[in-house]
Amino acid sequence: MQPDSRLSVTIQGEGPNTIVFGNGLSTTQQVWSQVLSYVPADWRVVRFDYVGTTPATSAHWDAARYQSYAGHAADLGGLLARLEAPRLLFVGHSMSGMIGALAEVSAPGSMSELFMIGASPSYVNREDYHGGFSADDVDGLLRSVDADLAAWMAGFGPMALGRDATSHQLADFRDTLLALRPDIGRMLLRSIFTSDHRDVVPNIRCPVSIVQNADDVAVPVAVGAWLAARTHCVLHEVLPVSGHLPHVTHPTLLGPLLRSACDRVAASAPLTRHPSSH
């Protein structure tokens, strides 16, 4: 396929097995560099940036389309369809985990496995669900974002990366956050922290891997357990570290899990795409 300039798609390698990496907020496709060595050499590797998450993709921003995950999921679904991969592993960090879930539910048979890293279907606590934040917490967070986005971003970086982050990793994360166009940054944060896709989760048809850190400011361990109980879960791994981005701060812990997922997908039957009932 031809690379999609709207999503800044990059493709490396060829072969019947494909891995697609989906970024979380405040990171670009370069964030996966430390785990690429765990992907088998004969795989096709696809990386991209969601519209609005980098200066290059901001020209395509449409506030109505991207006010929720739905627009991003439609973009991802289009990319997966164009790849026409016989076997495909989608790796989704943070918001990409649920964007990947929406894409899979909309087009069953588009993924051989969904590999979620620090994903959450909803961040707000409810009577029967522990998302990590009260409704007042989220309201206060969004007020802070509206009042001074740069200040909020400066404080968020150290919490998101955790105790083991290097000064270089913190600087890269901060620079990517600050490169977001302010209106886009505010809308993305609002769409993330007010999202609720719990109803989507039981409809995911493909196998799911769930990886999270034990001490994550954004996603408590209970969220991973909730996801595992409601999906065709083949792996639920809690890494004994802090932060929200293990592919950045602890690639040697995440990498072997990613390689095992590649091995599972390589041994699986070729994809059969089905019409969606949603």
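Points to keep in mind about this one:
- Applying Stokes-Einstein at 10 °C and 1.306 mPa s to the Kirkwood radius of the stretch 69-219, computed over alpha-carbon pairs, gives a translational diffusion coefficient of 95 µm² s⁻¹.
- For the stretch 120-184 versus the stretch 75-104, the spacing of their alpha-carbon centroids is 24 Å.
- Across Gln12, Gln67, Gln169, mean-square fluctuation computed from a Gaussian network of the chain (C-alpha pairs under 10 Å connected) peaks at Gln12.
- Using a cutoff of 8 angstrom between alpha carbon atoms and counting only pairs six or more residues apart, the relative contact order for the chain works out to 24 percent.
- Beta bridges per DSSP with both ends in the chain, % antiparallel, nearest 5: 15
- Remark: the stretch 202-210, residue by residue, has Karplus-estimated 3J(HN,Hα) of x, 8, 5, 8, 7, x, 10, 10, 10 Hz, where x stands for each Gly or Pro and the curve is 6.51 cos²θ - 1.76 cosθ + 1.60 at θ = phi - 60°.
- Per residue, the chain exposes 40 Å² of solvent-accessible protein surface, assessed with a 1.4 angstrom probe and all protein chains in place.
- Around Thr28: net Lys/Arg minus Asp/Glu count, Cβ-Cβ under 13 Å: -2
- From the C-alpha gyration tensor of the stretch 1-78, square roots of 5λ in Å: 24, 13, 11
- Note that the stretch 153-266, at 10 °C in a medium of 1.306 mPa s, gets a Stokes-Einstein diffusion coefficient of 101 µm²/s from its Kirkwood radius over C-alpha pairs.
- Just the protein heavy atoms count here, and of the accessible area of the stretch 68-138 at 1.4 Å, carbon and sulfur take up 49 percent.
- Potential lengthening between Ser5 and Asp199 on full extension [0.36 nm per residue; Cα-Cα distance subtracted]: 66.6 nm
The values are calculated or read from the model by the stated rules, or taken from the named source; none is laboratory data. The structure presented is a predicted model; accordingly, all values stated were derived computationally and were not measured. Cβ coordinates were reconstructed from backbone atoms using ideal geometry, including for glycine residues, and neighbour counts include every protein chain displayed. Surface accessibility is based on the protein's heavy atoms, side chains included, excluding ligands, DNA and RNA. Shrake-Rupley method; radii C 1.70, N 1.55, O 1.52, S 1.80 Å.
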